[in-house]
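Q: I have a structure here, written as structure tokens, and I will follow up with some questions on it.
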Amino acid sequence: MRFANAIVRTPGPSMIHGLTSANLGKPDYEKALAQHAAYIRALESCGLQVTVLPHDNDYPDSTFVEDTALVTPACAIIMRPGAPSRRGETTAIENPLTKFSMHIGRVVSPGTVDAGDIMMAGDHYYIGLSQRTNAEGASQVIRVLEKYGLTGSTVLLKDALHLKSGVAYLEEGWLVTGGEFVGRREFSEFKTILVESDEQYAANCLWVNDRVLVAAGFPKTKQAIETCGFETVQLEMSEFQKLDGGLSCLSLRF
Ligand code: GLY
């Protein structure tokens, strides 16, 4: 698997009003812009062509573009986000995906899915059932995947916001797991890299073309990933962490 493209969306000033359960205070907008620019540079350094969508102040969470669509090598599926305040974010995503000649499917009511709940591992897609993603939405996604020869299965979440808040697939059979996902039967086939409880946020790391982007400030997780043979790229993520957002949330990769 190699990624050639990414879509990101610049955060807007309204991001300070984004959804959050983090209790870390309001993001500093200027700092967030700088962190976002460094994120784009990191994707480019991994060989990706990055499409940058302009911000939309009507949608405080719209920089977390990953939640709006699932992009597979065979098709793209436009999501129906679980939080009503985020539903309109999908409109801006469909156009650029169409430009890449994607076959487009979509999740429709009463289904809801945030694609932060979907983890790709080869041809299989794990879908977290969470406060944002319901069983109907997951079934709709699996039906579209199966049309293209792909498969999907569900994972019930207890506390995590999204599946990828606590688990990341790094290719070559390696899975980073933390919190409620440690030891889960659904992931027993993988070789696992454990994230300790005091570094839980770092479980949302991101494999991009043989490198792994990791959030700065979590040295044990970074070291554990490097010990398994991966080159890491550290990025400051403090302002997005304040909104429960992680490295994967900031882009669509394909
Ligand atoms: N702030 C990201 C989310 O809650 O969807």
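The values are calculated or read from the model by the stated rules, or taken from the named source; none is laboratory data. Keep in mind that what you see is a predicted model, and the values were worked out from it rather than measured. Every residue, glycine as well, gets a Cβ built from its backbone with ideal geometry; the counts of neighbours run over all protein chains shown. The accessibility values were calculated without ligands, DNA or RNA, using every heavy atom of the protein model including side chains. Shrake-Rupley method; radii C 1.70, N 1.55, O 1.52, S 1.80 Å.
Q: Could you please report the charge total around residue 55, scoring K, R as +1 and D, E as -1 over all other residues with beta-carbon less than 12 angstrom from its beta-carbon?
A: With Lys, Arg at +1 and Asp, Glu at -1, the neighbours total -3.
Q: Here is a further query. How much accessible area per residue does the stretch 4-117 have, counting only protein heavy atoms and a probe of 1.4 Å, in square angstrom?
A: That works out to 42 Å² per residue.
Q: Also: Mind listing P(r) for the stretch 1-148? All alpha-carbon pairs, 5 Å bins, whole percents.
A: 2, 9, 18, 21, 21, 16, 10, 3, 0
Q: About the Cα centre of the stretch 25-104, how large is the charge dipole given +1 on each Lys and Arg Cβ and -1 on each Asp and Glu Cβ? Please answer in debye to the nearest 20.
A: 120 debye
Q: Using R₀ = 41 Å, calculate the FRET efficiency as 1/(1 + (r/R₀)^6) where r is the Cβ-Cβ separation of residue 209 and residue 136; round to 0.05.
A: Efficiency, rounded to the nearest 0.05: 0.75.
Q: Counting only pairs 8 or more places apart or on different chains, how many lysine pairs in the stretch 122-221 have C-alpha atoms closer than 23 Å?
A: Summing the qualifying lysine pairs gives 4.
Q: Related question: Among 195-202, 163-170, what's the highest-first ranking by average C-beta atoms within 10 angstrom per residue?
A: Ranked by mean Cβ neighbours within 10 Å, highest first: 163-170, 195-202.
Q: Between the stretch 177-220 and the stretch 148-164, what's the alpha-carbon centroid distance in Å?
A: The distance from the Cα centre of the stretch 177-220 to that of the stretch 148-164 comes to 15 Å.
Q: Next question. Which translational diffusion coefficient, to the nearest whole µm²/s, is obtained for the chain from the Stokes-Einstein equation, given a Kirkwood hydrodynamic radius over C-alpha pairs, 37 °C and 0.692 mPa s?
A: Translational D for this selection: 183 µm²/s.
Q: Please list 228-237, 93-102, 68-77 highest first by mean number of surrounding beta-carbon atoms within 10 Å per residue.
A: The peptides rank, most packed first, as 68-77, 228-237, 93-102.
Q: Here's something else I'd like to know. Share of antiparallel DSSP beta bridges in the chain, in percent to the nearest 5?
A: In the chain, approximately 40 percent of DSSP beta bridges are antiparallel ones.
Q: On the accessible surface of the chain, probed at 1.4 Å, how many percent belong to carbon and sulfur atoms?
A: Carbon and sulfur together cover 50 percent of it.
Q: Within 12 Å, Cβ to Cβ, of residue 105, how many net charges do the neighbouring residues add up to if Lys/Arg are +1 and Asp/Glu are -1?
A: Once positives and negatives cancel, what remains is +2.
Q: Moving on. Just the accessible area per residue of the stretch 182-225, please: how many Å² with a 1.4 Å probe?
A: 47 Å²
Q: Counting Lys and Arg as +1 and Asp and Glu as -1, each charge on the Cβ, what is the dipole of the chain about the Cα centre in debye, to the nearest 20?
A: 400 debye
Q: Give me the percent of DSSP beta bridges within the stretch 29-140 that run antiparallel, rounded to the nearest 5.
A: Given both bridge residues lie in the stretch 29-140, the antiparallel proportion sits at roughly 75 percent.
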